[in-house]
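Since the structure comes first, as structure tokens, the remarks are kept for the end.
Where a number appears in this text, it was derived from the coordinates with a stated rule and is not lab data. All of these numbers come straight from a predicted model, not from anything done at the bench. FYI the Cβ positions are ideal-geometry reconstructions off the backbone, even for glycines, and counts take in every protein chain you see.
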Amino acid sequence: MSYCTIDIECSKAPKHMPWTIGSYLCSVGIERQDGTSTVWFFNPNDRPHEELLAEIQQEIDSVDFLIGHNIKFDLNWLKWIGLNVKDKPVWCTMVADYLINGQRKLEYSLNAVAKRYGLGHKLDAMAMYWQAGYETDEIPLEIHEDYLKQDVHLTYDVFKKQLPLIERASLGKITELSFRLTQILSDMEVSGAAFDKEEAIAYCNQTREQVKAMDKTLVDLAGIDFTPSSASQLSAVLFGGSWKKEVPELVARQLKSGKFKITTRKTKIEIPIKGLGFKVPDGCLSKKTGLPSTDKNTLDLLKSRDKRSESFLQTLRDQKKLMKVVSSIAGSKEEKEAGLIAVIGKDDRLHPSFNQCITRTGRLSSSNPNGQNFPRNGTSPIKTFFKSKQGVIVNIDLAQIEWRIAAELSRDPVMLHELNEGLDIHSDNALRFFGADKYPRDSAEFKRLRTTAKTMSFRLLYGGSASGFYRDQRMPDYSLKKWKEIVTAFYQKYQGLKKWQDTNVQLAKSQGYLRNPSGRVLTFDNMMGYDGVETVDEKQVSNYPVQSGSTDIMYLLMWKLLTRTQEYKLLAKFILQVHDSMVFDSPIEEAETLCREALKLIHSLPQLAKEYFGWDIVVPLTGDCEIGYDYGNMKAIKEEDMDKIFADLPAFLS
């Protein structure tokens, strides 16, 4: 197998992503297996870019795979400037070190990783120039070239150290899959997602006027002139207190003639405020001011005393939601561009970064902007501004994947029976534990209790407790004793799950780690127990195997589905990954093929996991499809209805 190590240098942060307005490429460097190296300068340079690109492409084509540290960043730039690296296998020394260390929270810079292997470190002469305010293309070329050659050489040394470690730790399959994911994420980041900036700005302008009108409503309901955007004044109005108000004061000054001259000056007086009588929830004092907090968590816990306070609270909550949406889209100040519109790229698209080396379970995180944290449909219009440029947005979702993986890993017979029989697990638990049998199944009360049962089930899956439910004012207001009874009854139903969780805790204590069937190693934080003895964090031990197992199945689906789209020569673009789902921008005529092939692959995931990992999954895996002209207005498509729906998809979407 032949390979070379590659790295790029570009304009300095924050203008360092290829799609960022004002960014530019400065250099590309490689080191070959024979130890020779070459650096190509793009900025500054005195050669045509076409010549440089042709030479770099020749080097890339001559090897079987590329090595790099945080190579996704380099791939993004190489693809952006037109080089063909899409299907080239890669080895990322950052991702490999993350896997070797069991996803621990460590620094994964090249110098930090090299230090863990007892290697040298690159000299940060470039960093000194950057810190002094120089741009990358202003740094002397000899320093720039030396820095880049050090970078690729040190990366190559790290790679040689990692090869035997990956094999010794039996991490080969999960490492290979993670590197495939690196290429997939790079394609997704470079593609980006279309975002309608003009429509989003128009919405913000309209909503800001609505917020101002709500300010007047709040003042009228409070019966006192105050500024709702002032946290201290709002706190006083809600809970009682006082604030300082600037008022004019008369001042008499005697002149030499003996006469008095009357003038005014401004002074501040303390105004007592009775407030609307809301009770301050426990633990809701601001650490900064000592006053009762007015943040969302506090407002969610408040209970109205009368119609007036109820109207005030609802208006305030509605206003806060609108303000949060506006802030997310355009920032909190009209005169300064911020939020999502501030990070729209040169191509008028959003390009979230998807991070492989942040979480403790291998799950992706996202940043700049967070592409995994857009509000749910119905709670915010943000998703509606993500438009299809090819025809339709298609969302592919792994249904109940974490509950199914928990059943698979624990082999709890009740969980397996419910899943194999297609039973409504959360409805059954609402009936068993929350008395939902008093209400019709289509009633709002039954649906609310089903949601409560679902919330409880997943929290217990991740190490929740009766005391946690008791303290959470968003859960039913039961006594601690009743919550303990409910939790005990839950584990009496799912005894296999409880036994598996307890066994994992003992294993994690004895050996310091767990290993998933995918081969991924999981490590845990140590914490001090009630008896003063150091132990593992039992919540992590309950959580990590399920979340990481679900993640690795999702990665397997991503790889197989993207391979399938290439085989079918589909034009659909993978634009976002949101934990258990994949979002595509697809031509409308390809949507049927995409949905059908995705569901086929999801149903075959147990077989694919067996072939790839040697993981024998016994639970059925299912998925859902949604389609819409934008990401915020999606319609679910049931598998049994596909023939009818795709016979006239525009009619279905209208």
Discussion item. As a test of the formula, what do you get for the chain when each DSSP H run with n ≥ 4 contributes -39,500 (n - 2.57) and the sum is divided by the residue count, at 222 nm and rounded to the nearest 500 deg cm²/dmol?
Written reply: -15000 deg cm²/dmol
Discussion item. Can you pull out the trypsin sites (Lys or Arg not before Pro) in segment 533-587 whose DSSP state is coil and whose Cβ has at most 13 other Cβ atoms within 10 Å?
Written reply: K569
Worksheet item: If we count every other residue with Cβ under 14 angstrom of E408's Cβ, Lys/Arg +1 and Asp/Glu -1, where does the sum land?
Response: -2
Worksheet item: How about K498: which aspartates and glutamates have a C-alpha closer than 20 Å to its C-alpha, ignoring those fewer than 8 places off in the same chain?
Response: E402, E408, D412, E418, D428, E485, D537, E538
Practice prompt. Please list 379-387, 5-13, 613-621 highest first by mean number of surrounding beta-carbon atoms within 10 Å per residue.
Written response: 5-13, 379-387, 613-621
Discussion item. Taking only Cα atoms of the chain, what ratio of Rg to Rh do you get with Rh as the Kirkwood inverse-distance radius?
Written reply: 1.02
Item to complete: Given a cut-off of 18 Å, name the pairs among K296/K321; K447/K484; K105/K160; K279/K447; K244/K303 whose C-alpha atoms lie farther apart than that in the structure shown.
Response: K447/K484; K105/K160; K279/K447; K244/K303
Worksheet entry | Euclidean distance of C-alpha centroids, segment 273-338 and segment 21-80, integer Å | 51
Practice prompt. Measure up K79/K122; K12/K389; K197/K387; K149/K173; K307/K438 against 21 Å on the Cα-Cα distance and list the ones that go over.
Written response: K79/K122; K12/K389; K149/K173; K307/K438
Worksheet entry | Cα-centre dipole for segment 399-481 with unit charges at Cβ (Lys and Arg positive, Asp and Glu negative), debye to 20 | 320
Practice prompt. Classify segment 132-239 as rounded, prolate or oblate from the Cα gyration tensor: take a ≥ b ≥ c as the square roots of its eigenvalues, call it rounded if a/c is under 1.5, otherwise prolate when a/b beats b/c and oblate if not.
Written response: prolate
Worksheet item: Is any helix in the chain, taking whole DSSP H runs, at least 27 angstrom long along its axis by alpha carbon and on average at least -1.0 on the Kyte-Doolittle scale, and which ones?
Response: 141-168, 172-191, 197-222, 307-330, 538-567
Item to complete: Restricting to the chain, compute how many DSSP beta bridges are antiparallel as a %, nearest 5.
Response: 90
Practice prompt. Using the Cα centre as the reference, give the magnitude of the dipole from point charges on the C-beta atoms of the chain (Lys, Arg: +1; Asp, Glu: -1; all else neutral), rounded to the nearest 20 debye.
Written response: 3880
Worksheet item: How would you rank 481-490, 160-169, 228-237, highest first, on the average number of other Cβ atoms within 10 Å across their residues?
Response: 228-237, 481-490, 160-169
Response to the item:
Around I262 (Cβ within 12 Å, Cβ-to-Cβ, excluding I262; K/R +1, D/E -1) the net charge comes to +3
Worksheet item: Counting Lys and Arg as +1 and Asp and Glu as -1, what is the net charge of the other residues whose Cβ lies under 13 Å from the Cβ of L66?
Response: -2
